[in-house]
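Asker: Let me begin by handing over the structure; questions about it come next.
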Amino acid sequence: MFEHAQIQLDRSFAVVDKQTSIAEIKSKLREYNFVVVTGGTYFIIGNYEYEIIALGAESASISDWLHKLSWLPSAPASAGDMPYSADWRRPVLWLEGDAPVGIMTEAAWINMLKAENRQTTAYFQTLAETINDSVTAVNEEGIVVCWNTTAEETYKIKKADIIGEKISTHFRDESIVLQHILNEGYPVRGQYHRPNADTHVLINATPVILDNRIIGGIASEHDITKMIRLNEELDSASTLLVQKINPFLSFDSSSPKFQESLTIAQKMAHADIPVLITGETGSGKEMLAQAIHYGGSKATGPFVNINCSIIPPALLEIELFGIEKASFTEDKQNIITGKIEQALNGTIFIENIDKMPLFIQEKLLTYLVENSFYRVGGMEPITSPTRIIVSASSSVENLLKDGELNEKLFYKLSVIHIYIPPLRTRKEDISALVERSIDEFSAKYKKAPPSIGEEVMAFFSNYDWPGNVRELRSIVERVIVLHDTDRIGLEHLPETLIRNNTDETVMSSSSSISKMDEAQEIEEALRKTYGNKSAAANLLGISRGTLYNKLKEYGLS
């Protein structure tokens, strides 16, 4: 695997045949460190063995004398055939091809093995420190032999306090997993574990095998604590977008196309079948999903949402279906219910299903067909009567063509397919949406609702609204929060919005400014909202998931 440490050879030797006299051998030993006797089998004599050789008759052949002494032969070796199994009671003859090039003694061999061991250890330790995950290695007795810096940071345990100790000293549950690895030899992949109340990890663990014997185990733990907390924060920040009583009255629209979509939604709200909602980002898919839930047969149950675009694939399956400990443990306290179970007798809204990995789409299809599923790591089927509403921002036809959407799942979901037209195609709705937003956010922030200037309404009517209803609501909320005025004028709108619209290069404000300006605008929004990320996202006209991605991109806390 790695280059061998430098081979130390003694090159002070003479080569003789087996008929050479003892007298000549003695002469050679006074001149060289070793004499190599050839003739089918190699015999090596060291100058430190001179006295033994001198006991023989000087005229006798060295072959006869070595035979009488029962002299052990020496093993030949080369760089391509290292002498790991050699009899080290005698030095080893090093060959290049058929030509002797040096002598390796037992001491030199031990030094080389030590150097190789140090080299291998250096590679392993460097690899362990290069990996972003926590790395733990134990020997066959469960004693920790490797604990990288990430593990120190994740578990708040210094190397000096854990290396050389049994891992069970610090982690009872963790030791059960690794003990299983040591005893059974089965690897673990992506197993959820919660070593303490504040840490969530996904474990990959593999036994270390040498000569068909397990001599230890190595585990890497991917810290998903921040992902869990992010998802919990997104859940807690989820807001009600419609009124629970008569929720469909929350929509202001005189657009025939949108009214058609609302009519379909109202008709099937009491039918317990899956729904697919499509439309551009910000067009109101979650709002319509909430209206279907609160205006239908599931109104008394929970409404739970999950966004496939902001949850890593490794965590998405767990978030959706839940997880439980592997079957070799008896501890059931670490069972985590997924969103489908949390929405029992209610509705789960799955946003951006096109961002869901295909293997999870297949599992969701199975649930829709059989009305049951298995938690990750679970052995028992879970039955959870939950209504499924999903959304996609891209063209379904393109998703199917590109293989990003399971065709069978699509047909199962698209019995009821509702399309929300973009705001730019229903300009007749803009005035009512603006007025409703002004009233809503004025009440929310306890301010008198301002009037809106004709020039602003004209500007809104001519704007293409790439962020759709969400962008309109965000701009109005921003104005209400940042300005105390009784009349909204153009001077109260974001400069980037005015500039881009004037230049006829209309884009969302988050994508039209430089990264530095964008970072500053995000910081300003967070300051104005006292760190409330949900409110800041609304001010910026972006989703919470997009805000979190940008915070990570710009290194903002």
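Just so it is clear, none of the values below were taken in a lab; they were calculated from the coordinates. None of these values were measured; they are calculated from a predicted model. Here the Cβ positions follow ideal geometry from the backbone for every residue, glycine too, while neighbour counts run over all protein chains shown.
Asker: Farthest toward the dipole's positive end in the chain, which of Ala160, Pro422, Ala75, given Cβ charges of +1 (Lys, Arg) and -1 (Asp, Glu) about the Cα centre?
Answerer: Farthest towards the positive pole: Pro422.
Asker: For the chain, which span is the longest to avoid every loop-located (per DSSP) member of GluC sites (Glu not before Pro) having at most 16 other Cβ atoms inside 10 Å?
Answerer: In the chain, the maximal stretch lacking such sites is 331-503.
Asker: Volume per residue, Å³, of the convex hull around the alpha-carbon atoms of region 13-111?
Answerer: 95 Å³
Asker: Distance check, please: which entries in Lys257/Lys339; Lys298/Lys412; Lys267/Lys298; Lys339/Lys363; Lys427/Lys552; Lys298/Lys339 exceed 24 angstrom between their Cα atoms?
Answerer: Pairs exceeding 24 Å: Lys257/Lys339; Lys427/Lys552.
Asker: Please report the relative contact order for the chain, taking Cα pairs under 8 Å with a sequence separation of at least 6, and give it as a percent rounded to a whole number.
Answerer: 9 percent
Asker: How much length is gained on full extension from Leu95 to Arg487, taking 0.36 nm per residue of separation minus their Cα-Cα distance?
Answerer: Stretched fully, the Leu95-Arg487 segment lengthens by 131.6 nm.
Asker: Write down the percent of antiparallel bridges among all DSSP beta bridges whose residues are both part of region 227-419, to the nearest 5.
Answerer: Looking only at bridges with both residues in region 227-419, the antiparallel portion is about 25 percent.
Asker: Looking at the calculated P(r) for region 227-419, what percent of the C-alpha pair distances fall above 30 Å?
Answerer: Across region 227-419, Cα pairs with separations above 30 Å total 18 percent.
Asker: Also, I was wondering about something else. Would you work out the charge dipole size for the chain about its Cα centre, treating the Cβ of every Lys and Arg as +1 and the Cβ of every Asp and Glu as -1, and quote it to the nearest 20 debye?
Answerer: With only Lys, Arg, Asp and Glu charged at Cβ, the dipole is about 980 debye.
Asker: Sum -39500 (n - 2.57) across every DSSP H segment of at least 4 residues in the chain, then divide by the residue count to get the 222 nm mean residue ellipticity, nearest 500.
Answerer: Calculated mean residue ellipticity at 222 nm is -12000 deg cm²/dmol.
Asker: A further question follows. What percentages, rounded to whole numbers, describe P(r) for the chain computed over all alpha carbon pairs with 20 Å bin width beginning at zero?
Answerer: 17, 33, 23, 14, 10, 4, 0
Asker: Continuing with this model, one more query. Using only the alpha-carbon atoms, how far is helix 256-268 inclined from the longest principal axis of the chain? Give it as 0 to 90 degrees, nearest 10.
Answerer: 70 degrees
Asker: Going Cα to Cα from Lys28, which lysines come in below 17 Å? Please leave out same-chain ones fewer than 8 positions away.
Answerer: Excluding near neighbours in sequence, the set is Lys18.
Asker: Let me ask something else. Setting aside same-chain residues fewer than 8 positions from Lys446, which lysines have a Cα under 25 Å from its Cα?
Answerer: Lys244, Lys528, Lys533
Asker: Same structure, new question: For the pair Ile264 and Asp81, how long in nm is the line joining their label points, each one 7 Å along Cα→Cβ?
Answerer: If labels sit at Ile264 and Asp81, their model points lie 7.7 nm apart.
Asker: Hey, any idea what Rg/Rh is for region 131-223, computing Rh the Kirkwood way over Cα pairs?
Answerer: Checking Rg against Rh, the ratio lands at 0.93.
Asker: Another question about this same structure. Can you sort Asp486, Asp439 so the residue with the fewest Cβ neighbours within 10 Å comes first?
Answerer: Asp486, Asp439
Asker: Something else now. Just for the chain, what percent of DSSP beta bridges are antiparallel, to the closest 5?
Answerer: 60 percent
Asker: Within region 444-481, whose backbone N sits under 19 Å from a point 7 Å along Cα→Cβ of Lys427?
Answerer: Of the residues in region 444-481, 453-473 have backbone N under 19 Å from the label point off Lys427.
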